[in-house]
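Colleague: One structure is given below, represented as structure tokens, and several questions about it will come after.
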Amino acid sequence: MSGTQLLMIVGDFGEDYEIMVPFQALQAVGHEVDAVCPEREAGDVVKTAVHDFRGDQTYVESRGHDFQLTASMDEVDPSDYDGLVLPGGRAPEYLRTHDEVLDAVRHFFEADKPVAAICHAAQILAAADVIEGRTCSAYSALESDVEGAGGEYYDGVTTDGNLVTGRDWSDHVEWLAQFLDVLGTEVDHGDPATAEPAED
């Protein structure tokens with residue numbers, strides 16, 4: 001199905017790649033994505049952070065981009081959307097304290113709509129109490145959070161019903177591929193053997 005309406009919930013210092021890549025990739029295959037943040041309006045920006053893995057005990061964080069919101073959270077109705085995307089980073093630790101975020105997340109689970117969550121977004125899922133009895137991936141340090149919320153931690157990309165989860169941005173290819181499968185998205189890659197070369 002093309003033209004699917006997707007909601008993405010973001011916040012300051014959400015992980016840059018986990019916001020920018022799915023936001024652009026999902027639009028590239030024909031979906032419309034509204035990015036919202038509590039207490040911010042359409043046109044406002046959130047600051048992102050890049051998390052890199054360099055052999056330390058945890059990731060290194062540096063400043064990312066200014067990411068512009070496309071809609072106002074207090075004006076969107078989750079029932080108007082066909083799926084939900086929850087990036088990771090530092091934002092989930094405070095986004096989970098907003099009732100409107102948790103209510104929105106619960107709507108997608110109650111309606112059995114596709115949900116893609118990655119990395120620290122598991123903190124939001126746990127706070128919304130939607131992963132009990134489910135297999136769920138997340139950043140490895142959140143294994144106890146997943147299990148504490150009644151879920152079974154999986155070290156990789158996994159789909160459990162409507163829920164697609166991954167560990168971090170290094171899982172993007174498989175995470176997005178599985179999410180597109182759950183959405184029912186068909187991507188026409190064409191036949192490389194018959195593709196016309198670009199003219200000079």
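Colleague: Being modelled with pLDDT of 95 or more and either outside any helix (DSSP H, G or I) or over 28 Å from residue 110 (Cβ atoms) (or both) is the requirement here; does residue 185 meet it?
Modeller: no
Colleague: Tell me, which residue of region 98-131 that is part of a loop (DSSP other than H, G, I, E, B) and of a type in the set (D, E, K, R) is surrounded by the fewest Cβ atoms within 10 Å (Cβ to Cβ)?
Modeller: The qualifying residue surrounded by the fewest Cβ atoms within 10 Å (Cβ to Cβ) is 112.
Colleague: Let me ask something else about it. Taking the condition in contact (Cβ under 8 Å) with a residue 24 or more places away in the chain, crowded, with 20+ Cβ neighbours inside 10 Å and more than 17 Å from the chain's Cα centre (by Cα), does residue 134 pass?
Modeller: yes
Colleague: Only residues in region 54-80 that are more than 9 Å from residue 36 (Cβ to Cβ) and without any contact (Cβ under 8 Å) to a residue 12 or more places away in the chain count as the first member; pair them with residues that are of a type outside the set (Gly, Ala, Ser) and surrounded by fewer than 11 Cβ atoms within 10 Å (Cβ to Cβ), Cβ under 9 angstrom, at least 6 apart or cross-chain, and list the lot.
Modeller: Taking only residues 6 or more apart or on different chains, the pairs are 60/54.
Colleague: When the residues of region 31-56 are filtered to those that are assigned to a strand (DSSP E or B) and over 16 Å from the mean Cα position of the chain (by Cα), which remaining residue is farthest from residue 73 (Cα to Cα)?
Modeller: The extreme case among them is 52.
Colleague: Scan region 148-164 and give yes if some residue there is part of a strand (DSSP E or B), surrounded by 12 or more Cβ atoms within 10 Å (Cβ to Cβ) and in contact (Cβ under 8 Å) with a residue 40 or more places away in the chain, otherwise no.
Modeller: Yes - at least one qualifying residue is present in region 148-164.
Colleague: I'm told residue 26 meets every condition in (1) surrounded by 15 or more Cβ atoms within 10 Å (Cβ to Cβ); (2) over 15 Å from the mean Cα position of the chain (by Cα); (3) of a type outside the set (Val, Ile, Thr) except one. Can you identify the failing condition by its number?
Modeller: Only one criterion is unmet by residue 26, namely (2).
Colleague: Here is a further query. Name the residue that is modelled with the lowest pLDDT, counting only residues in region 57-82 that are charged (D, E, K, R) and over 16 Å from the mean Cα position of the chain (by Cα).
Modeller: Filtering region 57-82 for residues that are charged (D, E, K, R) and over 16 Å from the mean Cα position of the chain (by Cα), the one modelled with the lowest pLDDT comes out as 61.
The values are calculated or read from the model by the stated rules, or taken from the named source; none is laboratory data. Keep in mind that this is a model prediction, so the values were computed, not measured. Glycine also receives a Cβ, built like all others from the backbone with ideal geometry; neighbour counts cover every protein chain displayed.
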